[in-house]
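First comes the structure, then the notes that go with it.
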Amino acid sequence: MSDAHQTTANIDTAESTEDSADDKAGATPVTDGSSSIVRALENAGVEHAFGVQGGAIMPVYDALWDSEIEHITMAHEQGASHAADAYGVVAGSPGIALATSGPGATNLVTGIADANMDSDAMLALTGQVPSDMVGSDAFQETDTTGVTMPITKHNYFANSADTIGDTVGEAFALAESGRPGPTLVDLPKDVSFEETDVEPGEPTLPETSQPTTTADPENVAAAARAIERAEKPLLLFGGGVIKANACETARAFARDHGIPVVTTMPGIGTFPEDDELCLSWAGMHGTGYANMAITHTDCLIGVGTRFDDRLTGGIDTFAPEAEVVHIDIDPAEVSKNIHADYPCIGDAGTVLDQLTDEIDHEPDAREWREQCQTWKSEYPMDYPVDENAPLRPEFIVEAFDEATADDTIVTTGVGQHQMWAAQYWIYTEPRTWVSSHGLGTMGYGLPAAIGARFAADDNQDVVCFDGDGSFLMTLQEISVAVRENLDITIAVLNNEYVGMVRQWQDAFFEGRHMASEYNWMPEFDKLAEAFGAQGWRVDNYDEVADAIEEALAYDGPSVIDFHIDPEANVYPMVASGAPNGKFALSEDQL
């Protein structure tokens, strides 16, 4: 940093400190643990929080009464955790979830585990029984830190009102630093009530948690040489590129060096899918051309990806001809699943900049780019449409895409509908695809749409694609969307099955539909209206466009119950553990 920059930074810091002091001077003073917790959230710039009230967390809620932080009461704590998760994905800063002790805290667990698997920044604040009752099996007591230790980046048990605010600030900072993830602070009721006048500081990382951002120069140089000599280079962008706010850097790197791009599912939006270099996303239900590129590349540059099994298929057959460059901020992920020939541990954008400075010439990959375009022609993402047959789900997704702007945010539950929403929507911007990847949580879509709506710009559309089984798990959150008058549109792709289970049963269990037939579903359009939302039922192609137009135009929550072809399946498909290049385009190829 130059002296001029240092001077500017010092002036900015001084002004920020003065502004902060002025803000605090006009704020409600810190008098107890609860007000210290809220002040720590305010210091972190928190504007929204999602939760459900309860006995042990009540002091914190009481302190929120005097705060400008907007609290959104959810219908269920799981909904609060998913909403907070999605809020963080869209906003780029940790979402906040609150719950009381015992069942309140355990109801957050699914959402915390989901955020942990997907490296999403989130801070959970849970009430706890008074300190002197911990361990006595008191009413609504659960060992929350013990339960959540394996699924949090770190968790804390607060033991003093004097330090509780700084603990919350540290948990916030830790959630968004390095490889993001969920953190949790368990708050005994007596500590929340305990008197203190200690003002918490700004969110600060512990000295032991400073992530490495710059990769080893020798490793970067070796990786650069591998890229220069490659004849079939391929970039694989994962969700870590988005979390590092490195999409522009990644896009420039690909274009400057003429390297085709494949993404993971969490990496959707890192690179525009309408760009000629983009081969869309790879893996179990990725495009045929993306999986062919991975199978034949001689230099795979993975950025911000953990190479999970849904991407790789069989480990031994993944990218079999490739030298692997792996860029990731978490050293634990490097060579964990796929051996990295050139490990580059550091921040995605920083390391790509290092590579750019080191590479002397772009790889000679013209023929490779032509081959990738040929695969696009050979394995198109098309599907049959018969206007006299039941609705195709792919058609519905494409119709929504055509009716909305490029910055529309798409959330989903988990199942076939999730795959169709990923396959047939053209994503061009980061933070517009919000889904449950690693944990695969049915019911994620609707509460995620609520969280996304609060984080999104007012002029952005939010569309949730859900399946009938997935929607049924959290549809009570429609009441929240109605109460808050949230402009979200839910498209239920209703096939009266747990569709992905049914597809696997047909392929691998001789068509025995054990517990997967959901022909007992309610009428979702009427149920939406009972909650106070707008509802439509669509059975035919000629009804699709009008229903979408009306739902998007409605200023509030709307639900379209699309009754789709119950036999529609998701293809391409790589069988579990199979090579990526052996994808099936129909059931008889599995």
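Read-outs throughout are calculated quantities, based only on the coordinates presented, and are distinct from any laboratory measurement. What you see is a predicted model; the values in this text were computed from it and never measured. Quick reminder, even Gly has a Cβ in these numbers, built from the backbone with ideal geometry, and neighbours come from all protein chains shown.
Things to note:
- D (Stokes-Einstein, µm²/s), Kirkwood Cα radius, the stretch 217-378, 1.567 mPa s at 4 °C: 86
- Cβ crowding within 10 Å averaged over residues, with 188-197, 233-242 ranked highest first: 233-242, 188-197
- Relative contact order (%) - the stretch 463-516, alpha-carbon pairs under 8 angstrom, separation at least six: 40
- Residues R483 and N159, FRET efficiency given R0 of 22 Å [Cβ-Cβ distance, rounded to 0.05]: 0.05
- Placing dummy labels 7 Å off each Cα toward the beta-carbon, the span from W520 to L585 is 4.0 nm.
- Close amide H partners of E496, meaning residues 5 or more places away or on another chain with modelled amide H under 5 Å apart, are D468.
- Most simply put, the chain has about 5% antiparallel DSSP beta bridges, counting only bridges with both residues inside it.
- Per residue convex hull volume, Cα atoms of the chain, in Å³: 160
- In whole percents, the pair-distance distribution calculated for the stretch 365-463 from its alpha-carbon pairs, binned every 5 Å from zero, is 2, 11, 18, 19, 17, 13, 10, 6, 2, 0.
- Proxy reagent accessibility, fewest Cβ within 10 Å first, across L108, L585, L391: L585, L391, L108
- Unit charges on C-beta of K, R, D, E only; dipole of the chain, Debye: 1500
- As computed over the stretch 237-312, the Cα convex hull volume per residue (Å³): 81
- Burial ranking of peptide ranges 565-574, 548-557 (average Cβ count within 10 Å, highest at the top): 565-574, 548-557
- Overall Cα dimensions of the stretch 421-556 - principal axes, largest extent first, Å: 49, 33, 30
- Order of S435, S280 - criterion: other Cβ atoms within 10 Å of each residue's Cβ, fewest first: S280, S435
- For the residue pairs K232/K582; K189/K243; K153/K232, alpha carbon separations beyond 27 Å are given by K189/K243; K153/K232.
- Under the Karplus curve 6.51 cos²θ - 1.76 cosθ + 1.60, θ = phi - 60°, whole-Hz ³J(HN,Hα) for the stretch 59-73, x wherever Gly or Pro sits: x, 5, 4, 4, 5, 5, 3, 9, 9, 7, 5, 8, 9, 10, 6
- Where Rh is the Kirkwood radius over Cα pairs, Rg/Rh for the stretch 25-209: 0.93
- Charge context of A456, other residues only, Cβ under 10 angstrom, K/R +1, D/E -1: -3
- The stretch 393-571: relative contact order as a whole-number percent, Cα under 8 Å and 6+ apart: 23
- Sorted from greatest to least, the principal axis extents spanned by the alpha carbons of the stretch 344-393 come out as 58, 29, 13 Å.
- Rounded to whole Hz, the Karplus (6.51, -1.76, 1.60) HN-Hα couplings of the stretch 251-257, x for glycine and proline: 5, 5, 4, 5, 6, 5, 10
- Aspartates and glutamates whose Cα lies under 14 Å from that of K376, excluding same-chain neighbours fewer than 8 positions away: E273, D274, D275, E276
- Estimated FRET transfer efficiency when R0 is 35 angstrom, pair N540-E370 (beta carbons, to 0.05): 0.25
- Residues R483, R453, R251, ranked from the fewest to the most other C-beta atoms within 10 Å, line up as R483, R251, R453.
- Paramagnetic reach from E362 (point 7 Å along Cα→Cβ, amide N under 19 Å) across the stretch 251-278: 251-263, 271-278
- In the chain, the calculated helix contribution to ellipticity at 222 nm averages -12000 deg cm²/dmol per residue, counting -39,500 (n - 2.57) for every DSSP H run with n ≥ 4.
- Dipole magnitude of the stretch 259-397, debye to nearest 20 (Cβ charges: Lys/Arg +1, Asp/Glu -1, about Cα centre): 480
- Ranked by the mean number of other Cβ atoms within 10 Å per residue, highest first, peptides 340-348, 211-219 order as 340-348, 211-219.
- The 3J(HN,Hα) values that the Karplus relation (6.51, -1.76, 1.60; θ = phi - 60°) gives for the stretch 185-202 are, in residue order, 10, 8, 10, x, 4, 5, 5, 5, 7, 4, 6, 6, 10, 6, 7, x, x, 6 Hz. Gly and Pro appear as x.
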